[in-house]
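So the structure is just underneath, and the comments pick up after that.
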Amino acid sequence: MSKPNSAAETKDSLLIRMGNSFTRVSQKYMPDPTIFAIALTILAFLLAMLMKRLSPAAVLGNWYAGLWELLTFAMQMAICIIGGAVVADAPVAKRAINRVASLPRNGPQAAFLVAAVTILLSYVQFGLSLAGGALLAKSIARNFRRRGVPCEYGLLVACAYLGQMTWCVGFSNSVGLSIATPGHLLESEIGLIPLNSYIFNPMNLFLAAGFIVLLPLFAYLLHPKGDNVRPIPDYALRVVEEPAGEASSEKAEKKNASVGELLNNSHAFCWIIGGMGILYVVYAFVTKGFAAFDLNLLNAILIFGGLLLHGTVANYVSAFARSTSSASGIIFQFPLYAGIMGIIKYSGLVSILAGAIASISTPFTFYFWTFLSASIVNMFVPSGGGQWAVQGPIAVESVRMIAGGNVLKACQAVAYGNSWTNMCQPFWALALLGFTGLKAKDIMGYSTAIMLGAGLLFTAAVFFFPV
């Protein structure tokens, strides 16, 4: 019988067992994230009454005043999520994924490749990363199964989930895009902060480099060896063995097609509207430079680029419909988060909570405490945009109480904490699991192990690197 031949293997096994234990607890006791949004609403309601001595009617008015303030932001984030998945569902994207899937020769190489590709995609767009990483992991598993090469499918899918942690340093990060977009919820307090200031600073660049260099290597080392590789679960085999073909489309038969069907499947309409959209994107970058890049421009790239990639309105609409469920949580829960924001904002709780954080912080430790508190809040509010609506005002107010405090670094600390614990929070994994056929218990052990390793990078970044 084979035995662990190194201390590293023993440590990895310990981390995996720890992650599996966390998964068992979360599966047994963790309700739908909507329950947490409601619970936080009740908590904020009670705190406003007790700490600010407001009447229930006054707090109720504050809650309703905030309830609909994030509708624009909610729609922007929903389109961002759906748009990335639609691009990954395009035939050309699937062909590229299948070609990349043919590169690895063994399980550790496959884990390294999926992690690296997923991280790189997350720097571009997190929805694209989630869909693209899942399709790559499934394609590799299918290829290996047919060739008789063992691989740990659960680890590959956990690597495909990595983008939900590393997206915080990329171009689609909700906090960075929000504070760069005119009319954002804190514009009156902090103004507009260009996305290039968020992306291209020493702290963020350190994390981006650390993620792409170290996390794929960690995934490579985490892959089990020999008889320890577990077979693909029976309930996932049907999904894995699905043909790797392109996005389904219903092309009209020219002989009997109606006028409507011919129009739906005409390339001309996609080329015209898609070309118009991309032409404006190019114009915006030429005239304004990188300062033009905000949440609206990113969504324009995803929508109009997706139209060009799918080729016809029928194909695009079909892909959009398949991807819409991935944004259901955002659409429903954002008004609840906005209501919490309204209570905190209009009751004056912001100053009290901000003062509490500032009181336990020094200029050196403030950003770490902000990061750590954000990572905890993320377990209950697993949406980057939703959490920013709740915690952003507190972080901005508290950093002003710190001597020499930097608003941008405080914003990034919230974004980093929100992303870090995604790896042990199954909310965003639901779409991934649907793509791959696995269950949360199959990936959370590995994703938690990688999360703990990445925690060292996050900690070093917020402690030692400026912006």
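Just subtract the alpha-carbon distance of residue 282 and residue 351 from 0.36 nm times their residue separation and send over the number in nm, one decimal.
On the way: separation 69, 0.36 × 69 = 24.84 nm, distance 4.27 nm.
Value of the extension gain: 20.6 nm.
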Applying the Karplus parametrisation 6.51 cos²θ - 1.76 cosθ + 1.60 with θ = phi - 60° to the phi angles of region 195-204, what ³J(HN,Hα) value in whole Hz is obtained for each residue in order, glycine and proline being reported as x? 4, 5, 5, 5, 7, 9, 10, x, 5, 5
Using θ = phi - 60° and the Karplus curve 6.51 cos²θ - 1.76 cosθ + 1.60, what whole-Hz ³J(HN,Hα) does each residue of region 279-295 get, with Gly and Pro shown as x? 4, 5, 4, 4, 4, 5, 5, 5, 8, 10, x, 5, 5, 6, 7, 9, 4
Report the label-to-label distance for residue 452 and residue 34 in nanometres (one decimal), using points 7 Å from each Cα along the Cα→Cβ vector. 3.4 nm
Note to self: Kirkwood Rh of region 310-455, Cα pairs, one decimal, Å, is 17.0 Å
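In whole percent, what relative contact order does the chain give with Cα contacts below 8 Å and a gap of six or more residues?
27 percent
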Using the structure shown, select from 225/441; 94/441; 138/439; 288/345 the pairs with a Cα to Cα distance greater than 23 angstrom. 94/441; 288/345
Using r as the Cβ-Cβ distance of residue 57 and residue 465, and R0 as 41 Å, what FRET efficiency do you calculate, to the nearest 0.05? 0.30
How many Å³ per residue does the convex hull of the Cα positions in region 251-333 occupy? 102 Å³
Whole-Hz couplings from phi, Karplus 6.51/-1.76/1.60, listed for region 315-325; x for Gly and Pro: 5, 5, 4, 4, 5, 4, 5, 5, 8, 5, 4
How large is log10 of I(q)/I(0) for region 127-190 at q = 0.25 Å⁻¹ when the intensity is taken from the Debye formula with one equal scatterer per alpha-carbon? -0.98
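Would you mind computing Rg(Cα) / (2.2 N^0.38 Å) for region 73-140, counting N as its residues? Don't skip to the end; give the middle numbers.
Details: Rg = 12.6 Å, N = 68, 2.2 N^0.38 = 10.9 Å.
Relative to the rule-of-thumb radius for its length, region 73-140 sits at 1.15.
For region 379-458, what's the relative contact order in percent, using C-alpha pairs closer than 8 Å and at least 6 residues apart? Could you put the intermediate results ahead of the total?
Values: 51 pairs, mean separation 23.9, N = 80.
Averaging sequence separation for qualifying contacts and normalising by length gives 30 percent for region 379-458.
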Measure of exposure for residue 313: accessible area at 1.4 Å probe, Å² rounded to 10, is 50 Å²
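How big is the equivalent ellipsoid of the chain along its three axes, where each semi-axis is √(5λ) from the Cα gyration tensor, reported in whole Å from largest to smallest?
Working: eigenvalues 256, 182, 86 Å².
Calculated on Cα positions only, the semi-axes equal 36, 30, 21 Å.
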Residues in region 77-103 reached by a label modelled at residue 322 [backbone nitrogen below 20 Å; 7 Å Cα→Cβ]: 79-102
Stokes-Einstein, Kirkwood over Cα pairs, region 66-216, 25 °C, 0.890 mPa s; D in µm²/s equals 148 µm²/s
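Taking 0.36 nm per residue of separation and subtracting the Cα-Cα distance, what length does fully extending residue 290 through residue 229 add?
Working: separation 61, 0.36 × 61 = 21.96 nm, distance 4.61 nm.
Taking residue 290 through residue 229 to full extension adds about 17.4 nm, to one decimal.
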On average over all directions, what projected area in square nanometres does region 319-386 have, based on the convex hull of its Cα atoms? 6.0 nm²
For residue 258 the rounded accessible area (nearest 10 Å², probe 1.4 Å, non-protein molecules ignored) is 60 Å²
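Would you calculate a helix-derived [θ] at 222 nm for the chain, using -39,500 (n - 2.57) for each DSSP H run of n ≥ 4 and dividing by the full residue count, to the nearest 500?
-23500 deg cm²/dmol
Determine the shape class of region 369-439: with a ≥ b ≥ c the square roots of the Cα gyration tensor eigenvalues, call it rounded for a/c under 1.5, and otherwise prolate if a/b is greater than b/c, oblate otherwise. Don't skip to the end; give the middle numbers.
Working: a/c = 3.42, a/b = 3.05, b/c = 1.12.
Since a/c reaches 1.5 and a/b is larger than b/c, the shape of region 369-439 is classed as prolate.
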R0 of 45 Å, Cβ-Cβ distance residue 262-residue 379: FRET efficiency to nearest 0.05: 0.30
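The values are calculated or read from the model by the stated rules, or taken from the named source; none is laboratory data. A quick note: this is a predicted structure, and the numbers were derived from the prediction, not measured. Note: ideal-geometry Cβ built from the backbone for every residue, glycine included; neighbour counts use all protein chains shown. Side chains included, ligands, DNA and RNA excluded: accessible areas come from the protein's heavy atoms. Shrake-Rupley method; radii C 1.70, N 1.55, O 1.52, S 1.80 Å.
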